[in-house]
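*Asks:* Okay, handing you the structure first.
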Amino acid sequence: MEDTELQRLLVDALDDERKAEATYATVIDEFGPVRPFTNIIEAEGRHSLAIERQMVRLGFPIPVNRWEGRGEVPAALAQACEMAIPAEIENIALYDRLIPRVGDPSVRQVLENLQAASRHNHLPAFRRCLAREGRGGGRGSAESRQGGTRRRGRCRA
C-alpha cells in the first residue's frame, strides 16, 4: 500500500470518528449529560486520538476537523438513539472496507480495535437506549420492565 493510500484511509477513518463525536456532542448539548452519549463521546475522542497518533507516527498531517459544531440536532432523545444506530453500523462497515487494505500492523490493530468498540459496545448501547426510550415496541427493554426504573432522558449504557 502506498503512503498516499494509507493516509487517505486514515483520514476517512478519522473523519468518521469526528463526525460521530460532533453528533453526540450536539445530543449532549440538547438533552444534557445523558448516557450512553456521555460515555460514547469520550470513546469517540479516544478513537480520534488513536488514529491521529498513527498519522503522526507515519508523518502524515492531521486534517482540520470539519465536523466541530456541526452535529445534527434530533427532536427527541429517542430519535438521537435511533440516528446513532445506523451511524455505528456505517462505521463498522467503513472499517470492513478499510482494514483489509491496511498492511501496517499498528494501523491495522488500531482500526480493528475501533471497529470492535463500535460493534460490541456502541451499537448495543444505542439499541438499549432506543428500547428504553419506548421506541422498541413502546414498552421499554426487558431489563427496565423487570424492576428497573425508566427516567425520561436517561438512557443507560
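The values are calculated or read from the model by the stated rules, or taken from the named source; none is laboratory data. Every value quoted in this text rests on a predicted model; they were computed, and no experiment measured them. In this analysis, Cβ positions are derived from the backbone assuming ideal geometry, glycine residues included, and neighbour counts consider all displayed protein chains.
*Asks:* Looking only at residues in the range 58-103 that are part of a loop (DSSP other than H, G, I, E, B) and of a type in the set (Lys, Arg), which one is farthest from Gly32 (Cα to Cα)?
*Replies:* Checking each candidate, the answer is Arg66.
*Asks:* While we're looking at this one, here's another question. Test of understanding: among Glu52, Glu42, Glu30, which residue is surrounded by fewer than 15 Cβ atoms within 10 Å (Cβ to Cβ) and not hydrophobic (A, V, I, L, M, F, W, C)?
*Replies:* Within the list Glu52, Glu42, Glu30, the selection yields Glu42.
Residues checked against (1) modelled with pLDDT of 95 or more; (2) closer than 30 Å to Arg53 by Cα; (3) under 21 Å from the mean Cα position of the chain (by Cα); (4) not aromatic (Phe, Trp, Tyr):
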site	(1), (2), (3), (4)
Arg108	yes, yes, yes, yes
Leu111	yes, yes, yes, yes
Ser118	yes, yes, yes, yes
Leu123	yes, yes, yes, yes
Ala131	no, no, yes, yes
Gly134	no, no, no, yes
Gly137	no, no, no, yes
Gly148	no, no, no, yes
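*Asks:* Report yes if some residue within the range 27-42 is within 26 Å of Gln109 (Cβ to Cβ) and not in a helix (DSSP H, G or I); otherwise report no.
*Replies:* Scanning the range 27-42 turns up at least one residue that is within 26 Å of Gln109 (Cβ to Cβ) and not in a helix (DSSP H, G or I).
*Asks:* Can you find, within the range 3-21, the residue that is surrounded by the fewest Cβ atoms within 10 Å (Cβ to Cβ) among those that are out of contact with any helix residue (DSSP H, G or I) (no Cβ under 9 Å at 6 or more places or on another chain) and modelled with pLDDT of 95 or more?
*Replies:* Arg8
Results for (1) touching a residue at least 24 places away in the same chain (Cβ under 8 Å); (2) more than 28 Å from Ala131 (Cβ to Cβ); (3) touching a Phe, Trp or Tyr at 6+ places or on another chain (Cβ under 7 Å), shown as yes or no for each residue.
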residue: Ile28; (1), (2), (3): no, no, yes
residue: Ile40; (1), (2), (3): yes, no, yes
residue: Ala43; (1), (2), (3): yes, no, no
residue: Leu49; (1), (2), (3): no, yes, no
residue: Pro74; (1), (2), (3): yes, no, no
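*Asks:* Okay, moving on. List every residue pair whose Cβ atoms sit under 9 Å apart, with the two residues 6 or more apart in sequence or on different chains, where the first one lies in the range 58-71 and is closer than 17 Å to Asp12 by Cα and of a type outside the set (Gly, Ala, Ser) and the second, anywhere, is assigned to a loop (DSSP other than H, G, I, E, B) and at pLDDT 95 or above.
*Replies:* Pairs that qualify, where the first residue is closer than 17 Å to Asp12 by Cα and of a type outside the set (Gly, Ala, Ser) and the partner is assigned to a loop (DSSP other than H, G, I, E, B) and at pLDDT 95 or above, are Leu58/Asp104.
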